[in-house]
Amino acid sequence: MRAWIARMTEDNIDQSAIEKAGEILKNGGLAAFPTETVYGLGGNALDAKASEKIYAAKGRPSDNPLIVHIADFDQIYDLCPAVPPQAKLLADAFWPGPLTMIVPKGDCIPDEVSCGLDTVGIRLPSHPMARALIRESGVPLAAPSANTSGRPSTTTAAHVMHDMDGKIAAVLDGGACGVGVESTVITLALERPRLLRPGGITLEQLRSVLGEVDVDRALYEKIGDDVKVSAPGMKYRHYAPKAPVTVVRGNPQDTAKYIAEHIGNSTGVLCFDEYREMFPTCVVECFGSQDDLGAQAREVFDRLRAFDDTSVTQIWAQCPSDEGLGLAVANRIKKAAGFSVIEV
Ligand code: AMP
Ligand code: MG
């Protein structure tokens, strides 16, 4: 069955559409909705069957747990028996917003959501449509990114329809997502706080509140299938267009020059706006100015997806350095490349 779509804006929410989608969720169905990071594929987080439907719609590996979304801070006490003191500090600073905290899990969370872990990821999004829908459904929502597993995340309703039409009941279309990369994931369930996935809240911002924050090695290197990782999702090839990607890192002028010297037939190039003219024979997708990390984060998934409508057989990619939001953007591009990175 085709998904039912309701278009609206953040400032002009269609309450009847929220009610209709809320009804679908209450009845165990799935509805995709915009958040400030990417589109989420929502289902009742307290209903194991709804989670099973999410895994099936995405083709998501069954050992990759789902993040649970709430609309008000106090809902965390229903989901977590012992809320760590750092969670309150982080919530005061960054919720509602693009931050997921891993905390000890309460019994009400089914194993299908947490994949048998004794922890659960919780996020309070800031997008008004997301919060209206969570409130309307009356339950916390398990909501991974609304893409087919392994593909770039969805930042528009068109992306969601491309991947999910026929598999889910409804899509709320709120236009393009403002942040564009997924939430930052930090675990508070280890001895020291540890960053598991860089995202909309930067490592620098986390350290300004918590002091020391460790960084999981899965951010920087490819993890073998046999290795136990803190965030199971980090070990999978992710965000990947169909053609293989190679990242070239370094000063942007040098990386553009290196790519120009190595391009061949049927080559795609993902580059900063400033370097478009250097690749006249290639399929070029620009993802923002080299100095505009916000634009890069908003554009990166859409631009990676665009290559799939072309016949390129190889993609070269520029990539920002690791400061600020650059850590998240660089992580997504490196993961799209399966950590095939050349430093120049
Ligand atoms: P997505 O649902 O696509 O936004 O991905 C969620 C990310 O959060 C994945 O990398 C998961 O592995 C990670 N995650 C979710 N729940 C947990 C948890 N309880 N412990 C560690 N990582 C988690
Ligand atoms: Mg995802």
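Rule-based calculations on the coordinates, nothing more; no lab input. These numbers come from a predicted model, not from an experiment. Every residue, glycine among them, receives a Cβ derived from its backbone with ideal geometry; neighbour counts consider all protein chains shown.
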I'd like the FRET efficiency for E277 and A176, computed as 1/(1 + (r/R0)^6) with the beta carbon distance as r and R0 of 22 Å, rounded to 0.05. 0.25
Bridge type composition, the chain - antiparallel percent by DSSP, nearest 5: 40 percent
When the chain is treated as a GNM, springs tying every alpha-carbon pair under 10 Å, which of M161, M129, M278 comes out with the largest mean-square fluctuation? M278
Inter-part distance where the range 1-45 and the range 146-165 are each reduced to a Cα centre, Å: 14 Å
Spacing of the two label points (7 Å from each Cα toward its C-beta) at E52 and E10, in nm: 3.8 nm
J(HN,Hα) series, the range 152-164, from Karplus relation 6.51 cos²θ - 1.76 cosθ + 1.60, nearest Hz, glycine and proline x: x, 4, 9, 10, 9, 5, 4, 4, 4, 4, 4, 8, 10
For the chain, with only Lys/Arg (+1) and Asp/Glu (-1) charged at the beta-carbon, what is the dipole magnitude about the Cα centre, in debye rounded to 20? 680 debye
Anisotropy class of the range 170-259 from Cα gyration tensor, a/c 1.5 cut: rounded
Taking K228 as the anchor, which lysines have their alpha carbon closer than 22 Å to its alpha carbon, excluding any fewer than eight residues away along the same chain? K105, K334, K335
Under the rule a/c < 1.5 gives rounded, and otherwise a/b versus b/c splits prolate from oblate, where does the range 1-125 land using the Cα gyration tensor? oblate
Taking Cα atoms, how many degrees apart are the long axis of helix 326-336 and the longest axis of the chain, rounded to 10 and kept between 0 and 90? 80 degrees
Given springs between every Cα pair under 10 Å in a Gaussian network model of the chain, which of G199, G166, G174 has the largest fluctuation? G166
Show me 89-95, 4-10 ranked by packing, highest mean number of other Cβ atoms within 10 Å first. 89-95, 4-10
Compute the distance in nm between two label points, each set 7 Å from the Cα along the Cα-to-Cβ direction, one at F339 and one at R207. 2.2 nm
What Kirkwood Rh does the chain have if only Cα atoms enter the pairwise 1/r average? Answer in Å. 20.2 Å
Residue farthest toward the positive end of the dipole of the range 183-287, with Cβ of Lys/Arg at +1 and Asp/Glu at -1: which of M278, L195, S230? S230
Binned at 5 Å from zero, the C-alpha pair distances of the range 1-50 give percents of 4, 19, 27, 28, 16, 5, 1
Considering the options G22, Q86, M161, tell which one lies farthest towards the positive end of the dipole of the chain, charges being +1 on Lys and Arg and -1 on Asp and Glu at the Cβ, about the Cα centre. M161
Packing-ranked peptide list from 29-40, 183-194, highest mean Cβ count within 10 angstrom first, is 29-40, 183-194
Take every Cα pair under 8 Å in the range 17-166 that's 6+ residues apart, average their separations, divide by the length, and report that relative contact order as a whole percent. 36 percent
Checking the a/c ratio against 1.5 first, then a/b against b/c, what shape does the Cα gyration tensor give for the range 61-195? prolate
